[in-house]
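Okay, so here's the structure we're looking at.
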Ligand code: SF4
């Protein structure tokens, strides 16, 4: 088909790009709100900040209907299996925002009960730092994620199947550290 | 409306085959945060409810043993996160009692205003989400707008809109300025009309009343026996308010009423909260026009207090004291004593039991969390209600998961 | 008659230790008499509210002879009077009588103390862990448990993009 046959009101694009464009502009977040960050997430969605301006306001609490998980708040070790299960229930393609210092790294809670960053156990696409992040910052994060979705991504989502490597930091193996320290101490004692 | 208890008494047996088991939470929109209930249902009627908690247990009290009195304020903030500043005020109230510090009048008034703003903030979110869960989105949006104004006020005072970490032992981090006073004044002025509007939206709304009236009844005796305090107890007719009973901060000088109701159901709790907000506005009005002049922090001669910045930069004593307070290995001597001190938080009696061991760290920093104690009554009050009442009752109890699990 | 005098005359042999710090009136109570004294306070002196029940691990506390202290804060809702009672229990088998029959508020508070300190309460209707997971074995608020835990928080499977 020659170029001149195409009328003015027809756009040419690849199917992948069209799909990504559509996905980016209709994100349905699943608010996994556990703690204080959840209240800021609420503030983002309600009056004054109004997340709806950026096309990501359809909060659905059922994971089957969502494609963006926002982990807002710290995840305790009792909660992590729940988080993983909800993540697995969400249909592809799906993305994950880790909102707040706690979800990103454990934040101020470097204690026995808090998971030190959800990215150790589920894949995370975007980190929004802050304790809690201001609503503006969360919106900036969502816009950045939309940008990320628009560039790259395929219609049938084959790119996800290839990512078999965990993306977060390696699990912190306490036993391993203890073993290393004991070996070092032995070395020092030998010398 | 709940059924008569006698009618369903024999259904308590767990092995009845017609009973259903329903898992509610821990990730459920109506729980707002992480609560989990295992409900046993007979059709739509809740026969039994077993709460499972701890999904947000993050070791607050353990952390309290590792941070000093000023540092731990950043952690208590995160406990009841819909009224963060009130936790700080309670925590430092207990610490100052342990150390025997008497605040300056200016600081007392300042903290009183902030505490009342936090009470309003808490009740705003609670009544707003309570309406939201029952299908009234408008009230939620109206109230959230007011919350944003309070966020602005605390941001002007402290520099952070949410977790302010504003109080310090013997004072606050920075004194407030005239812009702050103006903001509080304009908030006080604008609050009444919004409150009245939500009043018109909800209080006589047929749908809302049908969902909350007569639901979740709690008697006064049960309240006392189960340790329930705050708006919940007052809605059941227990006239107990620590602001009146054990006055702290500036409450002894102020003129306000203790709001109470007799019915003890969700509707009474809603009404008590709505009315308490107006009472808080009254307190703020009295305080904001009467803030005493003078220093906001206690005299730096008290060893535990962070000295003012000019004295740190310009005098050797100030510098030394700053060093002593700030360095983790220095610190100031504290009594080797134990103390229990409580304040009236928006949710009820928020107490701290502090064991001091002579160092600037608490040996044990125990919180008496009102949410924890209030959630324990839930299985009892939800019995023989409909499944849809679970949401209404949860909303009216105002359970904050971080305070619940700590 | 004040509560203190009444207690002294009612339990002359009990070895109660009275003290006051700021506005806290405190009574040290031996564990054996605890139930009698609490029952007396509730039924005769109208201490009808149990405001707080908690424990302290005195393992590293300078000059303490006992391992655990358990604290009860009672409130008389008519007069507004408060009492802080403390009793001590020791390893290897810290047990106290449950005060659930007196105040229902003790239900979850005792469960929490059991969960965090491993102090059990005989006569409690349902003494299970409440905050930590059921399979947890340690008692986190004891002083010999490290702040960062023993690696429990890292003990989960890792999900990747290709899963699910
Ligand atoms: S990052 Fe801060 S605000 Fe967010 S959950 Fe953690 S403590 Fe709360």
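Just so it is clear, none of the values below were taken in a lab; they were calculated from the coordinates. In this text the structure is predicted, and so the values were computed from the model without any measurement. Cβ atoms come from the backbone with ideal geometry, glycine included; neighbour counts cover every protein chain shown.
Residues C:147, B:350 in ascending order of nearby Cβ atoms (within 10 Å, fewest first): C:147, B:350.
Footprinting exposure proxy ranking of C:4, B:17, C:112, C:60, fewest other C-beta atoms within 10 angstrom first, gives B:17, C:60, C:4, C:112. Which angle between 0 and 90 degrees, to the nearest 10, do you get for helix B:84-99 versus the longest principal axis of chain B when only C-alpha atoms count? For helix B:84-99, the angle is close to 50 degrees.
If you take the square roots of the eigenvalues of the alpha-carbon gyration tensor of region A:20-116 and sort them as a ≥ b ≥ c, do you get rounded (a/c under 1.5), prolate (a/b over b/c) or oblate? It is oblate, given that a/c is not under 1.5 and a/b is not larger than b/c. For chain B, the longest principal axis of the Cα atoms and the long axis of helix B:105-133 meet at an angle of about 20 degrees.
Packing, taken as the mean count of other beta carbons within 10 Å per residue, orders the peptides B:98-106, B:249-257 from highest to lowest as B:98-106, B:249-257.
Global size of the protein assembly as shown: 27.2, 109 Å for Rg and Dmax (C-alpha atoms, Rg to one decimal, Dmax whole).
Counting neighbouring Cβ atoms within 10 Å and putting the fewest first, the residues B:158, B:388 line up as B:388, B:158. The mean count of C-beta atoms from other chains within 10 Å of the C-beta of residues in C:60-66, rounded to a whole number, is 2. At an R0 of 25 angstrom, the distance between the Cβ atoms of residue B:256 and residue C:4 translates into a FRET efficiency of 0.15. Summary of the geometry: region B:41-55 and region C:93-154, compared by the centres of their Cα atoms, lie 23 Å apart. Taking the helices alone, chain B has a mean residue ellipticity at 222 nm of -14500 deg cm²/dmol, built from -39,500 (n - 2.57) per DSSP H run of at least 4 residues and averaged over all its residues.
For chain B, the convex hull drawn through the C-alpha positions has a volume of 135 cubic angstrom per residue. For a Förster distance of 51 Å, can you work out the FRET efficiency between the beta-carbons of residue B:175 and residue C:145, rounded to the nearest 0.05? About 0.80, to the nearest 0.05. A straight chain from residue B:380 to residue B:245 at 0.36 nm per residue would run longer than the Cα-Cα distance by 45.8 nm.
Relative to one another, the C-alpha centroids of region B:113-153 and region C:20-66 are positioned 39 Å apart.
Axis of helix B:178-202 versus longest Cα principal axis of chain B: the two differ by about 10°, to the nearest ten degrees.
Sequence-distant contacts, meaning Cα pairs under 8 Å at least 6 residues apart, place the relative contact order of chain C at 16 percent. You can think of it this way: the chain between residue A:148 and residue A:65 has 27.8 nm of extra reach, that is 0.36 nm per residue less the Cα-Cα gap. For the pair residue B:185 and residue B:21, the difference between a 0.36 nm per residue extended length and the Cα-Cα distance amounts to 53.8 nm.
Counting only C-alpha contacts under 8 Å and six or more residues apart, can you give the relative contact order of region B:60-405 as a whole percent? Result for region B:60-405 is 25 percent. Under a Gaussian network description of chain C, with springs only between Cα atoms under 10 Å, the residue in C:82, C:22, C:142 that fluctuates furthest is C:22. Estimated from helices alone, the mean residue ellipticity of chain A at 222 nm is -11500 deg cm²/dmol (sum of -39500 (n - 2.57) over DSSP H runs with n ≥ 4, per residue). What share of the DSSP beta bridges in chain A is antiparallel, in percent to the nearest 5? Roughly 5 percent of the beta bridges in chain A run antiparallel, per DSSP. FRET efficiency for the pair residue A:159 and residue C:122, taken as 1/(1 + (r/R0)^6) with r the Cβ-Cβ distance and R0 = 56 Å, rounds to 0.40.
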